[in-house]
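To start, the structure itself, in structure tokens.
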Amino acid sequence: MSRFTRRSLLKGAAGAAGLATASSLPGARLIRAQGASYEIVSFGPIADGVLPEGYFRPRPGGINGINGNGIAFGTIAASEEKFTPTIFNTDGTVSKLKSGAFGGTVTAMNADGTAIGRVYESVNGIDEGDDSMERPALWIDRELTRLPLPSSDSDYAGGYTTAISNNGTVLGYANGVGDVLWTNNEPQVLNNYPGDNFDERIDFLDLVPGGELVVRRTSTDGGTVRTYGLLDGDAFTEFAVPDIGDSYAYTESINSRGDLLMYAFTGGVEFNWISAVGADPQLIDFRNEAAFFSTIAVNADLQVLGWWAPRRDLDTEPVILHDGEITPLADLLPADHGFDISIVNGISDDGVISGGGYDADGGFHPLLFVPA
């Protein structure tokens, strides 16, 4: 098993493309400093915020992530009642996607730019505590498709999407039936107990770009054994994970070539690693150095984005781990950029990082950090 350790400078060229018609957000600007390794693209401050009844603080929206090609996605508050699903481009423009009266959000995107997420049937999808006010959604060339929900006896006809492959297969969830796979926009309910064999459970964790499902298989016949792998129809291909005992592993990020950034909690400690079919897991472990590292995302060059602190009693900061070395994102940015960076959530294959932060006046800005 290989192991990551500490410190270097992220390399990469900027690369990102927008979708369809792009529009410029008020206040969008590019912050540059001579000699800086990164430029900052700001899409704020966002003046409005969605404020559901009973909430005390409006929510501005922001960037939810970025695909391997450098296209970032998320949502922007358009009023107190509506979020606008949005694509964020590295030139400071945005592409606004169609939605309903209360808007929606983009949560994932494949290599072709097909976006998935959810649309809201009430303000921010909230309606007196039930969970029926979200619907699974897909966008191609900015046009909205409301994905059909499978028939169910549930009184709460809601659902959402979680992942999309490069061939357009979508993974998600529907109330009353559980995990759902949409192929050509037709829903298929996924069975956790194929063949009604209750000695083996399959949990559906994610989708890789090639379309295979990432699954966890738990066998209780003669003792509990968990294995992880890719499921393509009935064919299961196992990949290795570290020894995590009886703990459950989950995917956190999948890069464009299908490597899985995974994590598990065991003994109160978070373990992070990269798994791939046919390869030993690459453990990301700083416990011997009394350090904290929590992973966020990984790109095709195995650059790992995360939050780091040299000691657990210190504040964490966003960093990039590459070739066994850690670089704080702050070391790569213009010294006078003026943002308190509160979010990082994705890294493209060219090293573009998505996130957000606050300016000195308290305004929230969706941000892209682009290699100069």
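The values are calculated or read from the model by the stated rules, or taken from the named source; none is laboratory data. Everything quoted here is computed from the prediction, not taken from an experiment. Positions of Cβ are generated from backbone atoms using ideal geometry, with glycine treated the same way; all protein chains shown enter the neighbour counts. Accessible surface areas use protein heavy atoms only, side chains included; no ligands, DNA or RNA. Shrake-Rupley method; radii C 1.70, N 1.55, O 1.52, S 1.80 Å.
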- request: Check whether at least one residue in the range 281-302 is open to solvent by less than 60 Å² (accessible area, probe 1.4 Å), small (Gly, Ala, Ser), assigned to a strand (DSSP E or B) and farther than 30 Å from Asp340 by Cβ, and report yes or no.
  value: no
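Looking at the range 259-276, which of the residues that are assigned to a loop (DSSP other than H, G, I, E, B) and modelled with pLDDT under 95 is surrounded by the most Cβ atoms within 10 Å (Cβ to Cβ)? Outline the logic, then answer.
First, pick out the residues of the range 259-276 that are assigned to a loop (DSSP other than H, G, I, E, B): 259, 267-268, 276.
In the following step, the residues that additionally are modelled with pLDDT under 95 were identified as 267-268.
Numbers: Gly267: 8, Gly268: 5.
Out of the qualifying residues, it is Gly267.
Being of a type in the set (A, V, I, L, M, F, W, C) and modelled with pLDDT of 95 or more is the filter; apply it to the range 208-231 and report the residue that is nearest to the chain's Cα centre (by Cα). Explain how you work it out, then say what you get.
Looking only at the range 208-231, we keep the residues that are of a type in the set (A, V, I, L, M, F, W, C), and these are 208, 213-215, 225, 230-231.
Those left that are additionally modelled with pLDDT of 95 or more: 208, 213-215, 230-231.
Numbers: Val208: 13, Leu213: 17, Val214: 15, Val215: 18, Leu230: 19, Leu231: 21 Å.
If we take residues in the range 208-231 being of a type in the set (A, V, I, L, M, F, W, C) and modelled with pLDDT of 95 or more, then Val208 is nearest to the chain's Cα centre (by Cα).
Restricting to the range 303-321, name every residue that is open to solvent by 10 Å² or more (accessible area, probe 1.4 Å) and touching a strand residue (DSSP E or B) at 6+ places or on another chain (Cβ under 7 Å). Lay out the reasoning, then the answer.
The initial filter retains those residues of the range 303-321 that are open to solvent by 10 Å² or more (accessible area, probe 1.4 Å), namely 307-308, 310-318.
Within the range 303-321, Trp307, Trp308, Arg312, Asp315, Thr316, Glu317, Pro318 meet the criteria.
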Only unsatisfied item for His337, checking (1) of a type outside the set (Val, Ile, Thr); (2) at pLDDT 95 or above; (3) open to solvent by less than 60 Å² (accessible area, probe 1.4 Å), is (2)
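Would a scan of the range 197-219 turn up a residue that is open to solvent by less than 40 Å² (accessible area, probe 1.4 Å), more than 22 Å from Asp112 (Cβ to Cβ) and small (Gly, Ala, Ser)? Let's see the steps before the verdict.
Keep residues of the range 197-219 that are open to solvent by less than 40 Å² (accessible area, probe 1.4 Å), which gives 202-209, 211, 213-216, 218-219.
From the residues that got through so far, the ones that are more than 22 Å from Asp112 (Cβ to Cβ) too are 202-205, 215-216, 218-219.
Still in the running and small (Gly, Ala, Ser): 219.
Yes, some residue in the range 197-219 is open to solvent by less than 40 Å² (accessible area, probe 1.4 Å), more than 22 Å from Asp112 (Cβ to Cβ) and small (Gly, Ala, Ser).
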When the range 340-372 is checked residue by residue, the ones that are of a type in the set (S, T, N, Q) and either surrounded by fewer than 18 Cβ atoms within 10 Å (Cβ to Cβ) or more than 23 Å from Ala108 (Cβ to Cβ) (or both) are Ser342
The condition from (1) under 27 Å from Gly113 (Cα atoms); (2) open to solvent by less than 40 Å² (accessible area, probe 1.4 Å) that Asn167 misses is numbered (2)
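So, in the range 145-157, of the ones that are at pLDDT 90 or above and surrounded by fewer than 18 Cβ atoms within 10 Å (Cβ to Cβ), which residue ends up farthest from Glu81 (Cα to Cα)?
Initially, the range 145-157 is screened for residues at pLDDT 90 or above, giving 145-150.
This time we only want the ones that are surrounded by fewer than 18 Cβ atoms within 10 Å (Cβ to Cβ), so: 145-146, 148, 150.
On the way: Thr145: 21, Arg146: 20, Pro148: 24, Pro150: 28 Å.
In this case the residue turns out to be Pro150.
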Picked from the range 357-367 (must be touching a Gly at 6+ places or on another chain (Cβ under 8 Å) and not in a loop (DSSP other than H, G, I, E, B)), the residue nearest to Gly44 (Cα to Cα) is His365
Residues of the range 207-255 being in contact with a Gly (Cβ under 9 Å, 6 or more places away or on another chain), under 15 Å from Leu190 (Cβ atoms) and either aromatic (Phe, Trp, Tyr) or not in a strand (DSSP E or B) (or both), in sequence order, are Gly211, Glu212, Phe236
Across (1) outside any strand (DSSP E or B); (2) under 22 Å from Thr90 (Cβ atoms), Pro318 clears everything bar (1)
Sole miss for Ala174 among (1) surrounded by 15 or more Cβ atoms within 10 Å (Cβ to Cβ); (2) of a type in the set (Gly, Ala, Ser); (3) under 20 Å from Ser275 (Cα atoms) is condition (3)
